[in-house]
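Shown next, in structure tokens, is the structure this report addresses.
The values are calculated or read from the model by the stated rules, or taken from the named source; none is laboratory data. All figures in this text were calculated on a predicted structure; none of them were measured in a lab. Neighbour counts run over all protein chains shown; Cβ positions are idealised from the backbone, glycine included. Accessible surface is based on the protein model in full, side chains and every heavy atom, while ligands, DNA and RNA are left aside. Shrake-Rupley method; radii C 1.70, N 1.55, O 1.52, S 1.80 Å.
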Amino acid sequence: MEDYLNTALNAYRGFWQYLVYDISHQGLQSAFWRLMVLSVGVWLLEIAFPWRKAQGMFRKDFWLDAFYVIFNSFLFPLMLFAALSSVAEAVLRGNLAVLGITIQPLVMVVDWPNWLQLVALLVLTDFIQWNVHRLLHRVPWLWQFHKIHHSVKAMGFAAHLRFHPMELVFYSSLQYLPLALISFKVSDVFLLQIFTLTIGHLNHANLSLQYGPLKYVLNNPAMHIWHHAHQQPQRYGVNFGITLSLWDYLFGTAYIPQNGRDEPLGFSGDENFPTGFWQQLLYPFRKA
Ligand SMILES: [Zn+2]
Ligand SMILES: [Zn+2]
């Protein structure tokens, strides 16, 4: 028990030190400044080249979503997630060790060139995330958490990080084992983080982008708007892609019937969904 407490405290200390170090350093290595520069950059693009011309600079829920961006990127990890995930990892490894099992990588990709490992890491994590995203829509209690992301009524870049912080727990715990089984030895993972953050922001941005033939590989605003459409052609939704659109095309869940620029967004019953941050956070627990 004491060990787990120490693990939690060390994780807090570690994350806090990381955050202070990160914010006081500038440039591409800083996750905080990266997020700020990228967010302001995409916002300026939205203002200069809006897809929905009538949508204001400060759309509905702009500030709520801006708070979600900070909360899910820095405050929640600082408050809970860093400690929680280190303890969970220690418990998992501890329990497996009791059973005589140690987590050993099965696949070694350490010999691959770094760029190829980065691509492999992107493809693997994105495929896992695509599956987790489908679960969020299919499993009723998970859907209660995911409703926050789908309660957006006017789309803009910051809606990317408008989600219940428990989603971070779902995604990372389901990602943990498959990633632990593959031994990556990558450097410059921050390049991958910049890439996925950029695509995610753009998917939600008020921009008319489709990337030409690359649309079959990369998720984009023209496609992702249909994921948020109020009217869904299939019960559990369509276009589950996170960074890559590839999986939706491969597994038959891609759907772009027409230009979705003015498509009404949300889900049935969203008129009763809470509008405040804390009420939204409590919503799935009340529902249960
Ligand atoms: Zn969704
Ligand atoms: Zn979305």
Next on the checklist: Once R0 is set to 41 Å, what does the formula 1/(1 + (r/R0)^6) return for the Cβ-Cβ distance between A48 and L181, expressed as a FRET efficiency to the nearest 0.05?
Outcome noted: 0.35
Checklist entry - Along the charge dipole of the chain, Cβ charges K/R +1 and D/E -1, which of L124, A205, Q234 sits furthest on the positive end? => result Q234
Next on the checklist: Going by Cα centres, the stretch 272-286 and the stretch 183-209 are how many Å apart?
Outcome noted: 29
Checklist entry - Which ³J(HN,Hα) values in Hz, rounded to whole numbers, follow from the phi angles of the stretch 271-278 under the Karplus curve 6.51 cos²θ - 1.76 cosθ + 1.60, where θ = phi - 60° and Gly and Pro get x? => result 5, 9, 6, x, 9, x, 4, 5
Checklist entry - Simple spin-label model, 7 Å along Cα-to-Cβ: S268 to N10 in nm? => result 5.1
Checklist outcome for this item: Under a 1.4 Å probe, counting only protein heavy atoms, K215 has an accessible area in Å², nearest 10, of 50
Checklist entry - What angle, in degrees between 0 and 90 and rounded to the nearest 10, separates the Cα long axis of helix 114-138 from the longest principal axis of the Cα atoms of the chain? => result 70
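Work out the FRET efficiency for L135 and F67 from their Cβ-Cβ distance, taking R0 = 30 Å, and round it to the nearest 0.05.
0.70
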Checklist outcome for this item: Expressed per residue, the solvent accessible area of the chain in Å² (1.4 Å probe) is about 53
Checklist entry - If you take the beta carbon distance between D3 and H230 as r and set R0 to 41 Å, what does 1/(1 + (r/R0)^6) give as a FRET efficiency, to the nearest 0.05? => result 0.25
Checklist entry - Got a number for carbon plus sulfur as a percent of the chain's accessible area, 1.4 Å probe? => result 67
